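Visitor: The structure follows.
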Amino acid sequence: MKAVHSNWTAPRRAAAGIYYSDDFDLLTTILSALKWREKNGEIKMVTDSEGLRYYSERGMCGIWNEIGTELDNIPDKIDPKIFWAAGKIYSLIYSGTPAAVIDTDFIVWDRIAFNNLGDLAVIHDEDIYPDVYPDISHFNMKQGYIFDPDLDWRVRPANTAFYVIQNKALADLYTSEAVRFMENTVDGDGLTYMVFAEQRLLSMTAKMMGVDMYVISDLDRLFRDGERWFTHTWGMKQQMRDNSDLRADFCMRCIRRIISDFPEYEGMLRGIDELKPYF
């Protein structure tokens, strides 16, 4: 199945003034793309012109089967400081279904039996913690905006670090509702508003359509033995930023794994300035 990576550089440029990627993020991006191609099929990077420039300068474009700049078309009304993951939603719009949507810090190590996953499968679902997934009264929306009354606020949200969607009607409803929400937000924080648009609306719209959401794993299993199948570095990124030894160990292990499994990419790795300290 075709997978989709996405990188909308506007959020980081808005926060830091320039776009950059941490060394460990570059390495998980490379492993994520190459392992998907090895085990599960083609993968496309959907980014913008700045992202294309960044990857081109590092010789990385060849890790994907295709790279496009469709995210240049995200409208200005989408605030990148609030909706920092909006690029994932738009990447699904531009890529279509069926698709496996996968974060660049998420690695699938083995083959997925897609025929067993149904119309929608997510890596895991999440508890409705009120500080992350607040009630409808939390959201400050433009006058005239109305949440669809058929949305069920009791449905457990989907974690979208990795999900497979094979139902076009569901993808269309989910992305249209997410875009409508993002375009009508007056002001908001970068947590509750983003995870509502990206994660909660996915499970809510699936429920509206009567589509079962297959849950691939759960947090306990992923923490216990997930690395046999999946690796997600989201939870350790700040630790690596704070601990140079942990960061160096992780980067060197990634480099060794890439060179072992994909030796033809060693020259690319050696040519990336951010990675030279680890050789």
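The values are calculated or read from the model by the stated rules, or taken from the named source; none is laboratory data. Because the structure is a prediction, the values reported are computed rather than measured. Glycine gets a Cβ as well: all are built from the backbone with ideal geometry, and neighbour counts include every protein chain shown. SASA here: full protein model, heavy atoms, side chains in, ligands and nucleic acids out. Shrake-Rupley method; radii C 1.70, N 1.55, O 1.52, S 1.80 Å.
Visitor: Eigenvalues of the Cα gyration tensor times 5, then square-rooted: what semi-axes does that give for the stretch 144-279, in whole angstrom, largest first?
Guide: Working through the eigenvalues yields semi-axes of 38, 18, 16 Å.
Visitor: With a 10 Å radius around each residue's Cβ, average the other Cβ atoms per peptide and rank 144-155, 7-18, 65-76, 95-106, highest first.
Guide: My ranking of the peptides, most packed first, is 95-106, 7-18, 65-76, 144-155.
Visitor: Taking 30 Å as R0, compute the FRET efficiency from the Cβ-Cβ separation of I128 and W234 and round it to 0.05.
Guide: That pair, I128 with W234, gives E of 0.95.
Visitor: If you count only protein heavy atoms with a 1.4 Å probe, what accessible area per residue comes out for the chain, rounded to a whole Å²?
Guide: Using a 1.4 Å probe on heavy atoms only, each residue of the chain averages 46 Å².
Visitor: On to the next question. What distance in nm lies between label points placed 7 Å from Cα along the C-beta direction at M141 and N73?
Guide: 2.6
Visitor: Next up: Throw me the Rg/Rh for the stretch 1-42, computed over C-alpha atoms with Kirkwood Rh, two decimals.
Guide: Checking Rg against Rh, the ratio lands at 1.10.
Visitor: In whole percent, what relative contact order does the chain give with Cα contacts below 8 Å and a gap of six or more residues?
Guide: Relative contact order, the chain: 23 percent.
Visitor: Quick check: the distance between the Cα centres of the stretch 149-185 and the stretch 25-93, to the nearest angstrom?
Guide: That distance is 20 Å.
Visitor: Then there's this: Between N243 and S56, how many nm apart are label points set 7 Å from Cα along the C-beta direction?
Guide: 3.9
Visitor: May I ask for the angle, rounded to the nearest 10°, between helix 244-261 and the longest principal axis of the chain, with both axes built from Cα atoms and the value confined to 0 to 90°?
Guide: 80
Visitor: Now, a different point. Binning at 5 angstrom from zero up to the longest distance, how are the C-alpha pair distances of the stretch 224-263 distributed in percent?
Guide: Cα pair-distance distribution for the stretch 224-263, in percent: 6, 20, 20, 27, 19, 7, 0.
Visitor: Considering only W8, P80, N65, whose Cα is most displaced toward the positive end of the charge dipole of the stretch 1-116, charges sitting on Cβ of Lys, Arg (+1) and Asp, Glu (-1)?
Guide: Comparing the listed Cα positions along the dipole, N65 ranks first.
Visitor: Could you order peptides 125-138, 185-198 by the average number of other Cβ atoms within 10 Å of their residues, highest first?
Guide: 185-198, 125-138
Visitor: Now for a separate question. Would you mind telling me the share, in percent, of accessible area of the stretch 1-76 contributed by carbon and sulfur at probe 1.4 angstrom?
Guide: C and S atoms contribute 42 percent here.
Visitor: Kindly provide the helix-only [θ] at 222 nm of the chain, computed as the sum of -39,500 (n - 2.57) over DSSP H runs of four or more divided by all residues, to the nearest 500 deg cm²/dmol?
Guide: -11500 deg cm²/dmol
Visitor: Can you figure out the FRET efficiency of K81 with M1, using R₀ = 41 Å and their beta-carbon distance, to the nearest 0.05?
Guide: 0.80
Visitor: Here's another thing I want to ask about it. For the stretch 12-106, with only Lys/Arg (+1) and Asp/Glu (-1) charged at the beta-carbon, what is the dipole magnitude about the Cα centre, in debye rounded to 20?
Guide: Charge dipole, the stretch 12-106, about its Cα centre: 100 debye, nearest 20.
Visitor: Rounded to the nearest 0.05, what FRET efficiency do M252 and K39 give with R0 = 22 Å and r taken as the Cβ-Cβ distance? Could you check?
Guide: 0.40
Visitor: Going from the alpha-carbon gyration tensor of the chain, what semi-axes, largest first and in whole Å, does one get by taking the root of 5 times each eigenvalue?
Guide: 31, 21, 18
Visitor: May I have the convex hull volume per residue, in Å³, for the Cα set of the stretch 159-219?
Guide: About 87 Å³ per residue, rounded to a whole number.
Visitor: Taking a ≥ b ≥ c as the square roots of the eigenvalues of the Cα gyration tensor of the stretch 49-154, is the shape rounded (a/c under 1.5), prolate (a/b larger than b/c) or oblate?
Guide: oblate
Visitor: Across the chain, how many lysine pairs, 8 or more positions apart or on different chains, have C-alpha atoms separated by under 18 Å? Please give the number.
Guide: Taking the Cα cut-off of 18 Å, the pair count is 12.
Visitor: Once phi is turned into ³J(HN,Hα) by the Karplus curve 6.51 cos²θ - 1.76 cosθ + 1.60 with θ = phi - 60°, what whole-Hz value does each residue of the stretch 66-76 show in order, with x for glycine and proline?
Guide: 7, 9, x, 10, 4, 6, 4, 8, 4, x, 4
Visitor: Quick one: dipole size for the chain, taken about the Cα centre, charges +1 on Lys/Arg Cβ and -1 on Asp/Glu Cβ, in debye to the nearest 20.
Guide: Approximately 500 debye in magnitude.
Visitor: Same structure again: For the pair R13/E66, report the inter-label distance in nm, with labels modelled 7 Å from Cα in the Cβ direction.
Guide: 2.4
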